[in-house]
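What follows is one structure encoded as C-alpha cells, with my remarks underneath.
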Amino acid sequence: MSGLLGARTCPGPGEASDLKSPRGARFREPLTEARFQQLFGDAEQEPELLAESRLSLLCRLWRRRARACSGPGAWRLLLARLPPLRWLPHYRWRAWLLGDAVAGVTVGIVHVPQGMAFALLTSVPPVFGLYTSFFPVLIYTLLGTGRHLSTGTFAVLSLMTGSAVERLVPEPLGGNLSGIEREQLDAQRVGAAAAMAFGSGALMLGMFALQLGVLSTFLSEPVVKALTSGAALHVLVSQLPSLLGLPLPRQIGCFALFKTLAAVLTALPRSNAAELTISALSLALLVPVKELNVRFRDRLPTPIPGEIVMVLLASVLCFTSSLDTRYNVQIVGLLPGGFPRPLLPNLAELPRIVADSLPVALVTFAVSASLASIYADKYSYTIDSNQELLAHGVSNLISSLFACFPNSATLATTSLLVDAGGNTQLLRLRSTPPTLQLAGLFSCVVVLSVLLWLGPFFYYLPKAVLACINISSMRQMFFQMQELPQLWRISRVDFAVWMVTWVAVVTLSVDLGLAVGVVFSMMTVVCRTQRVQCLALGLAEGTELYRPLRERHKLLQVPGLCILSYPTPLYFGTRRQFRRTLERHLGLREGGKETPKTDGPPDAVAEPIRVVVLDCSGITFADAAGAREVVQLARRCRDAGIHLLLAQCNASVLETLTQAGLLDRVTPEQLFVSVQDAAAHALERLESAGPKSCTVWV
C-alpha cells in the first residue's frame, strides 16, 4: 500500500501538498514490471538462454512421450482409455449391484419400445432401433466416463438422420411398392443411416485425435435446450400421420413442419378411425403414467414401465381383434432374430453425407457432454470431455458395422436410470448414492433377450403405439420452455439466444437451426465485447481501492491525472471502439488536442490531462491489430505531452505489446504491476512538475 491519495482539500498558501498517502507516509516505492521481476521473479533471460530453455522443454516433452511407450506408460494410457479398469476394482458388489440391476433392467424395458419407435422416426425398420439400443450401450459402458449416462436412440438424432435418409433415398412417387421393392428401399435407407453413423463417429474420433473436447463449450446451454425443444415439436408433428393412420410422404428441408401440418389438415378426412382410437387410448395411458413417475419418483421403488405395458396391451388387442386385416392397422411385423452380419457401410456414400454427419456429431457430443457434466457435478466426480469424444466416436463407428443409426446419450432414459437406481429400497437403507456403472450391461441383457427370443411377441404391435411412445418421450424436452421466465430474469441475452435458436429450428430445420443458434450465440459474445465502456476511476476514501467515478461514492479525482480501465479483450473487432473511447477521455483528435471528457460532477472544470494510467487488467488478450492500436496511442500521447502509464498487463498481453514495438514508444519504467503503483508514480510526477495540484472529491 503505497502512493495512495489522502482525503485532502486544496492546500492553502504556504502549505505543502501531500498527495502520496492517506497517512502522509509511503511504505514502499512504486513497482514497475521490471523492478518486480528483479525482486520477486526471474531476471530477464538472454535470448540464448531463452532458446536453451525452449529446447529443454521440447526435450522434456519428447522424454514424456518416450516414457509413454514403456510398460508403466502403456498401463497408464490403458487406464485412461478403459475407465472400467479404474473403477471396477473398487466396485462395491454387495452395495451397488442390486441398484445397477434394477436400473439397467428398467431402462432396458424402456429401450425396447423406444428403440423401435425411434427407428421409425429414422425411416428404417423397427428392428434396427433394437440394434442401436444394444451395441452403443455396450461400447459406451467400456469407454465412457459418465457413470450415470444412458446411451442409445435419441429423438433429435433420429429426426436429423431420418430427414437426411429421406433426402438421400427418397421413396418413389407412386408409392405402391411390392414386397421386394420395399425391402430394397429399406436396405438402401439402412445403409444410408449406417453411413451417417460411420461418418459422425469418424468425425468425433478426428476431434478426439485433435483434443477438441473444448468445442462442447461453443454449444451453450440455451442453444442445446432450444435445439432439443424445437426438435421435440418437429417429432410431434412428424408423428401425426402415424397417429391418424394417414399414409403421407415425409416432408424434408426448410419449413418441413408447416408442410407436414398442411398435408395432415388436407388429408384429415381420410384418417383411419381404428388407428386414431389406438393412438388416443395409448396417449391416455402413457401421459398420466409419465406424470405419476415424475410426481412420485421419491415414493416409487422403481418407475412404472408404461411403455412396455402399452406395447403388450396393444399387441394383444391387435392380435385378438385382427385389427391389421379388418381395419388396415399398420403393425410392426416380423422382427428378425439374432444379429446382422457385420458389414462396412458403403464408403461411396460418405461424400454425400459428410454435411449431414457434422451437425449429428456436434449434437451427439454436446448433448452427451452436457448430460454427463450435470450428473458428474451432482454426484461429485469428473468426466473427461476428450474421452467422451472417443467413447461416442467408437460407439457410432463400430455400431455402424451392425447397421445401427447415429446414437448418443438420451435425456429421458438417463433421468429414468438415475431414478430407478437411486430409489431402490436397498440403496435407501444403506444411504449409498447410485453409481450405475454396470447398469448398461443389464440393459443390454434385456434388449438381447428380445433380439434372440422375444421378437415374435411384437409382431402385432401397431405402429401408432410407437408414434405415441415417440410423443410421450418428448415430455421433458417440451417442459424446458418453463425455464424461459427465469432465463429472462437472469439474462436477456441468453433468452434471446434461446428464442432465436428455437424459432430457427422450428421454421427451418434442426441442422440449420443449430447453425443459426451457434452463430447468433457467438455474435452476442462479440457484440458484448464491442459495447463495453471505458471507465474512469477514482480513489475511494480511506482505502486504496479505485472505483468507477459513476458509482457516486465519495471518490477522489486529481486534476491532470486520468485513470482509465478498459475491461474487454483488445482485438481487431474492438480496436476502433478503443481508439474512440480513449480519444474522448483524453481529448485526442487528429487535428490536435481537445478538451477531455470528464466523468466528474457537471460543474467540475476539465483540466488538460498530463498523466494517464491505463488499467489493463481487464484486457485478457490482444491481437496484432489491438497491440498496434496501443502503440499508436503511446505515440499520440507523447506528441500531445501526455505521460502514458500501463498497469497490470498480463504476461501474454505484455508480450504481444512488446512484439508490436511498444518499448519503442515507452520506457520499461512506464509499465507497472498495479493501478496503485502507477497512480503513486503519476502523483509524484505531477507534484514534481508543478504547479501544485489539488484533490477534488467527487
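Counting 0.36 nm for each residue step from Thr658 to Leu313 and taking away their Cα separation leaves a gain of 116.6 nm.
If you wrap the Cα atoms of the stretch 507-549 in a convex hull and average its projected area over all directions, you get 4.8 nm². Counted over the stretch 305-362 with a bin width of 10 Å, the fraction of Cα pairs per bin, in whole percents, is 16, 25, 20, 27, 12. Taking Cα centre as origin and charging only the Cβ of basic (Lys, Arg, +1) and acidic (Asp, Glu, -1) residues, the dipole magnitude of the stretch 506-575 rounds to 200 debye.
Can you classify the stretch 171-277 as rounded, prolate or oblate using the Cα gyration tensor, where a ≥ b ≥ c are the square roots of its eigenvalues, rounded means a/c under 1.5, and otherwise it's prolate if a/b beats b/c and oblate if not? Oblate shape, in that a/c is at least 1.5 and b/c is the bigger or equal ratio. Computed on protein heavy atoms with a 1.4 Å probe, the accessible areas place Ser688, Ser322 in the order Ser688, Ser322, largest first. Note on exposure: Ser242, Ser282 ranked by accessible area (1.4 Å probe, complete protein assembly) read Ser242, Ser282, with the most exposed listed first. The stretch 620-683 has equivalent-ellipsoid semi-axes of 18, 15, 9 Å, by the square roots of 5 times the alpha carbon gyration tensor eigenvalues, sorted largest first.
Hydrodynamic analysis of the stretch 73-130 uses the Kirkwood radius over alpha carbon pairs. Inserted into Stokes-Einstein at 10 °C and 1.306 mPa s, it gives a translational diffusion coefficient of 111 µm²/s. Which residue, Leu168, Thr132, Thr217, has the largest displacement toward the positive end of the dipole of the stretch 105-221 when charges sit on each Cβ (Lys, Arg +1; Asp, Glu -1)? Looking along the dipole axis, the top candidate is Thr217. If a/c stays under 1.5 just call it rounded; otherwise compare a/b with b/c (prolate if a/b is bigger, oblate if not). Do that for the stretch 298-427, with a ≥ b ≥ c from the square roots of the Cα gyration tensor eigenvalues. Here the stretch 298-427 falls in the oblate category.
Kirkwood radius, the stretch 237-368, all distinct C-alpha pairs, inverse of mean reciprocal distance: 18.9 Å. Per residue, the convex hull around the alpha carbon atoms of the stretch 518-575 comes to 107 Å³. Charge dipole (Cα centre; +1 on Lys/Arg Cβ, -1 on Asp/Glu Cβ; no other charges) of the stretch 138-221 amounts to roughly 240 debye.
Surface composition of the stretch 174-304: carbon and sulfur atoms hold 67% of the protein heavy-atom accessible area at a 1.4 Å probe. Protein-only accessible surface at a 1.4 angstrom probe places the residues Ser399, Ser216 in the order Ser216, Ser399, largest first.
Once the 1.4 Å probe is applied to the protein heavy atoms, the stretch 93-153 comes out at 23 Å² accessible per residue. Taking all protein chains as shown and a probe of 1.4 angstrom, Tyr327 keeps an accessible surface of around 110 Å². Note that the stretch 472-529, at 10 °C in a medium of 1.306 mPa s, gets a Stokes-Einstein diffusion coefficient of 130 µm²/s from its Kirkwood radius over C-alpha pairs.
The shape of the stretch 81-233 comes out prolate: with a ≥ b ≥ c from the C-alpha gyration tensor, a/c is at least 1.5 and a/b beats b/c. Counting only protein heavy atoms and using a 1.4 Å probe, the accessible area of Leu97 comes to about 60 Å². When Rg and the Kirkwood radius Rh are both evaluated on Cα atoms of the stretch 442-598, their ratio Rg/Rh stands at 1.31. Using a probe of 1.4 Å on the protein chains alone, the accessible area found for Met481 is around 80 Å².
The values are calculated or read from the model by the stated rules, or taken from the named source; none is laboratory data. Source: prediction; values computed, not measured. No Cβ is skipped: glycine too gets one built from the backbone with ideal geometry, and neighbour counts run over all protein chains shown. Note: accessible area is taken over every heavy atom of the protein model, side chains too, but ligands, DNA and RNA are not part of it. Shrake-Rupley method; radii C 1.70, N 1.55, O 1.52, S 1.80 Å.
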